[in-house]
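A short write-up of the structure that comes next.
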Amino acid sequence: MHLLLIFVDGLGLGEEEHTINPVVRAHTPHLDLLLGGKRLVGANGIVQSDLATLIPTDATLGVPGIPQSATGQTTLLTGLNAPQLVGRHVQAYPTRALQEILSSHNLFLRLMKRGLDVALANAYSEDYFRLVEERRLREGAITLAARFSGTRLRNVEDLVSGKALFHDLTNELLQQRGIQVDLRTPEEAGRVLASLGRAHHFTLFEFFLPDLVAHGRMNLDPADVISRLDLFLGTVVEESDLSDTLIVLTSDHGNIEDDRTPSHTRNPVPTLVIGEKREEVTRKISDLTHIAPAIIEWFG
């Protein structure tokens, strides 16, 4: 049994209007096929097809304000309502209180305690490790969860050998930093993740390019970023044995689905579950607190 968790930062279910929603403007043949011809938008509600189930998933968690990354990701990884526990939605990097939650309840750790082999598929550059060591860079919830569990953080050497992915899928950002790596297509990245998924019981990959682009921190067309994700996901699905592999794609908050604001949104996020044995997971999810428990029970 294998489960691939594809975490997409900043992807909500927005309006079915191409003038404001890059997800609608994007070329997404693989997502369209998975959703039975429907778009990845909020108007469709729960979508069931022969291939997949899409569940609109609440990211506000009963807490006033706009959902944020630190609390959303902590909730997703632990099953605990992080914004409710700390009294607010927390931006970007986990506070000490959130780190305490992650250190004892995270998904990597809990699956390892059940004897399962887990992996974080992302590759990190030497500059990243150096800046963290020098305390000039803080780490996000997913990276911290991996560290707290003892899960190995992969490096550029792993990426070059086909055993890791960079967060942009294509390695363009590494090349721009002067790091000698070959460019990849999204399809090639998809084959790498599918291979890692076959090698481990649980594999997580963090794709946070959508949030960076939606905030205006990178000069890329948001629709092109979604199309990149579509090609990647389509290949992961094609290269995976869906009789014993579950693929789960989800997010922490909305952002890229609404051109009208550079900020996060209160839109539900997608939880897209792909695989023949998905019913046990899909029937238990309606907000971010349900994802980690559903994954653990699926392995049970």
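The values are calculated or read from the model by the stated rules, or taken from the named source; none is laboratory data. Treat the numbers as computed from the prediction; the structure is a model and nothing was measured. Cβ atoms come from the backbone with ideal geometry, glycine included; neighbour counts cover every protein chain shown.
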*asked:* closer than 23 Å to N106 by Cβ and in contact with a Leu (Cβ under 9 Å, 6 or more places away or on another chain): which single residue out of R152, R135 fits that description?
replied: R152
*If you scan the range 160-184, which residues turn out to be buried (at least 20 other Cβ atoms within 10 Å of the Cβ), of a type in the set (D, E, K, R) and without any contact (Cβ under 8 Å) to a residue 40 or more places away in the chain?*
R184
_Among the listed residues E157, E187, identify the single one that is acidic (D, E), over 14 Å from V8 (Cα atoms), in contact with a Phe, Trp or Tyr (Cβ under 8 Å, 6 or more places away or on another chain) and surrounded by fewer than 22 Cβ atoms within 10 Å (Cβ to Cβ)._
E187
*Which numbered condition trips up R39, out of (1) over 25 Å from L169 (Cβ atoms); (2) without any contact (Cβ under 8 Å) to a residue 60 or more places away in the chain; (3) buried (at least 16 other Cβ atoms within 10 Å of the Cβ)?*
(1)
*Filter the range 92-110 down to residues that are modelled with pLDDT of 95 or more and hydrophobic (A, V, I, L, M, F, W, C) and give me whichever is surrounded by the fewest Cβ atoms within 10 Å (Cβ to Cβ).*
A97
_Please go through (1) within 19 Å of P29 (Cα to Cα); (2) in contact with a strand residue (DSSP E or B) (Cβ under 9 Å, 6 or more places away or on another chain) for I226 and return the number of the only condition it doesn't satisfy._
(2)
*Considering D221, D211, D230, which residue is in contact with a Leu (Cβ under 6 Å, 6 or more places away or on another chain), of a type in the set (D, E, K, R) and closer than 21 Å to G14 by Cα?*
D230
*Please enumerate the residues belonging to the range 30-68 that are of a type in the set (S, T, N, Q) and touching a helix residue (DSSP H, G or I) at 6+ places or on another chain (Cβ under 7 Å).*
S49, T53, T57
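For the range 131-190, list the helices (runs of 4 or more DSSP H) that sit wholly inside it and hold at least 3 residues that are under 30 Å from R114 (Cα atoms); which are they?
141-149, 156-160
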*Would you be able to tell me the number of residues in the range 78-131 that are basic (K, R) and free of Cβ contacts under 8 Å to residues at least 12 places away in the same chain?*
3
*If a residue has to be buried (at least 22 other Cβ atoms within 10 Å of the Cβ) and part of a loop (DSSP other than H, G, I, E, B) to count, how many in the range 47-67 make the cut?*
2
*Which of (1) part of a helix (DSSP H, G or I); (2) within 22 Å of R96 (Cα to Cα); (3) among the hydrophobic types (A, V, I, L, M, F, W, C) is the odd one out, the single condition L111 does not satisfy?*
(2)
*asked:* Under 9 Å between Cβ atoms, which residue pairs at least 6 apart in sequence (or on different chains) link something in the range 207-233 that is within 14 Å of F7 (Cα to Cα) and modelled with pLDDT of 95 or more with a partner that is surrounded by fewer than 24 Cβ atoms within 10 Å (Cβ to Cβ) and among the small types (G, A, S)?
replied: I226/A26; L229/A26; D230/A26
*Pick out the one residue from A70, A59, A52 that is in contact with a Phe, Trp or Tyr (Cβ under 9 Å, 6 or more places away or on another chain) and either over 23 Å from D221 (Cα atoms) or β-branched (V, I, T) (or both).*
A70
